[in-house]
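Comments concern the structure below.
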Amino acid sequence: METSVTGRVAVIRLHRPKALNALNSTLMHEVVTAAESFDADPEIGCIVLLGSERAFAAGADIKEMQSKTYADVHGGDLFTEWDRFAAVRTPTLAAVAGYALGGGCEVAMMCDVLLAADTAQFGQPEITLGTIPGIGGSQRLTRAVGKAKAMEMCLTGRRMGAEEAERAGLVSRIVPAADLETEAMTTAQTIASQSLPVAMLAKEAVNRAFESTLAEGVRFERRVFHATFATEDRAEGMSAFVEKRTPNFRHR
Ligand code: CO8
């Protein structure tokens with residue numbers, strides 16, 4: 001794994017080229033630790049997760065899992081560490097080129113914004129290995145694309161290309177592969193230029209749509225909307241509009 005920071009944008013790059021970025025426990029621990037440390041840094045307004053041209057990540061490391069028993073995975077609560085990545089409060093963006101399979105697809109779906117290169121392929125092929133998704137694939141994929149496609153993908157292992165993924169609502173946009181990282185950085189910079197506490201609230205409000213009824217979600221949103229009026233950045237944002245200038249958010 002490699003990390004870098006440009007302005008208010010942090011980048012985490014998965015880098016195990018010989019294994020198509022298969023997510024072994026070392027890589028999982030590195031990614032989660034890096035994401036949490038960027039999340040704790042108020043100078044970071046967006047965290048970008050990148051893979052390589054060929055693979056975002058081809059899943060959990062099958063060779064590492066191969067000889068594990070039920071007692072090993074249940075006793076060690078295998079992969080539960082990824083829940084901490086999903087719990088990051090700073091906005092996250094995954095830019096997927098090539099394979100995003102199994103755990104790779106699941107980690108991409110944990111991110112708030114998902115951009116796909118035209119080469120992207122998404123899938124939950126665990127069934128072909130005699131197992132099922134383990135870090136939210138059966139849940140997040142179903143919420144994103146609906147039961148029909150999620151069920152077929154989880155039962156057959158069929159992959160979804162970028163165009164189908166966009167049509168189905170899994171990704172927000174498709175970008176030519178050569179432009180993916182530039183576009184990811186531009187989008188991340190736009191997110192990071194907003195007020196960080198307000199962006200965190202916006203993220204929480206959208207995520208609430210998946211966990212509550214419409215009435216509860218709307219009530220939650222209303223209270224959070226009211227709460228933004230307690231921030232200095234809300235006052236600055238509206239003053240800047242009225243004064244026809246760019247807001248100078250101070251992230252408080
Ligand atoms: N684990 C370990 N090694 C892998 C993985 C993987 N998931 N994927 C690829 N590799 C390795 C290959 O073994 C190969 O290594 P070697 O050169 O030593 O033989 C190297 O990467 C290159 O792979 P291929 O030669 O297979 O490359 P191809 O271009 O022929 O095929 C594919 C690319 C189609 C992506 C193919 O590699 C493949 O099918 N990979 C496995 C995909 C898969 O089944 N993923 C699901 C894994 S299970 C899972 O994710 C469980 C989720 C539960 C929680 C996850 C938490 C992270």
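The values are calculated or read from the model by the stated rules, or taken from the named source; none is laboratory data. Not measured: the values here are computed from a predicted model. Virtual Cβ from ideal backbone geometry, glycine too; neighbours counted across all protein chains shown. Ligands, DNA and RNA are stripped out before the accessible areas are found, and what is left, the full protein with its side chains, is counted by its heavy atoms. Shrake-Rupley method; radii C 1.70, N 1.55, O 1.52, S 1.80 Å.
Being crowded, with 23+ Cβ neighbours inside 10 Å, within 16 Å of the ligand (Cβ to nearest atom) and hydrophobic (A, V, I, L, M, F, W, C) is a description that does not apply to MET110. Count of the range 34-47 residues, restricted to those that are among the hydrophobic types (A, V, I, L, M, F, W, C) and in a helix (DSSP H, G or I), is 3.
When MET160 is tested against (1) out of contact with any Gly (no Cβ under 6 Å at 6 or more places or on another chain); (2) under 24 Å from HIS74 (Cα atoms), only condition (2) is not met.
Return the residue satisfying two criteria in turn: it lies in the range 131-157 and is within 9 Å of the ligand (Cβ to nearest atom) and at negative phi, and of such residues it is least open to solvent (accessible area, probe 1.4 Å). Break it down stepwise before answering.
In the first step, residues of the range 131-157 are kept if they are within 9 Å of the ligand (Cβ to nearest atom); the result is 131-137, 157.
Cutting the leftovers down to at negative phi gives us 131-135, 137.
Details: THR131: 64, ILE132: 116, PRO133: 21, GLY134: 59, ILE135: 17, GLY137: 0 Å².
Only one residue tops the list, namely GLY137.
Out of the range 48-93, which residues are open to solvent by 30 Å² or more (accessible area, probe 1.4 Å), among the small types (Gly, Ala, Ser) and outside any loop (DSSP other than H, G, I, E, B)? The answer is ALA71, GLY75, ALA86.
Of all the residues in the range 236-246, those that are closer than 17 Å to ALA202 by Cβ and without any contact (Cβ under 8 Å) to a residue 12 or more places away in the chain number 1. Exactly one residue out of THR128, THR119 is within 16 Å of the ligand (Cβ to nearest atom), surrounded by 15 or more Cβ atoms within 10 Å (Cβ to Cβ) and of a type in the set (Ser, Thr, Tyr), and it is THR119. Note on the range 232-252: residues that are under 18 Å from THR190 (Cβ atoms) and crowded, with 16+ Cβ neighbours inside 10 Å total 6. Entry remark, the range 32-75: residues being in contact with a Leu (Cβ under 7 Å, 6 or more places away or on another chain), within 16 Å of the ligand (Cβ to nearest atom) and of a type in the set (Val, Ile, Thr) number 1 in total.
Considering THR213, THR182, which residue is without any contact (Cβ under 8 Å) to a residue 40 or more places away in the chain and in contact with a strand residue (DSSP E or B) (Cβ under 9 Å, 6 or more places away or on another chain)? Talk me through it step by step, then tell me what you get.
Details: THR213 fails: in contact with a strand residue (DSSP E or B) (Cβ under 9 Å, 6 or more places away or on another chain).
Criteria check complete, one pass: THR182.
Among the residues examined, LEU196 qualifies as open to solvent by 10 Å² or more (accessible area, probe 1.4 Å), modelled with pLDDT of 95 or more and in contact with a His (Cβ under 7 Å, 6 or more places away or on another chain).
Residues to consider are GLY169, GLY161, GLY217; find the one that is on the phi > 0 side of the Ramachandran plot, out of contact with any Cys (no Cβ under 8 Å at 6 or more places or on another chain) and modelled with pLDDT of 95 or more.
Numbers: GLY161 fails: on the phi > 0 side of the Ramachandran plot; GLY217 fails: on the phi > 0 side of the Ramachandran plot.
The conditions single out GLY169.
Counting residues in the range 21-36 that are surrounded by 12 or more Cβ atoms within 10 Å (Cβ to Cβ) and of a type in the set (Asp, Glu) gives one or more. Criterion applied to GLU163, GLU181 was being open to solvent by 40 Å² or more (accessible area, probe 1.4 Å), within 29 Å of SER25 (Cα to Cα), more than 15 Å from the ligand (Cβ to nearest atom) and not hydroxyl-bearing (Ser, Thr, Tyr), and the one residue passing it is GLU181.
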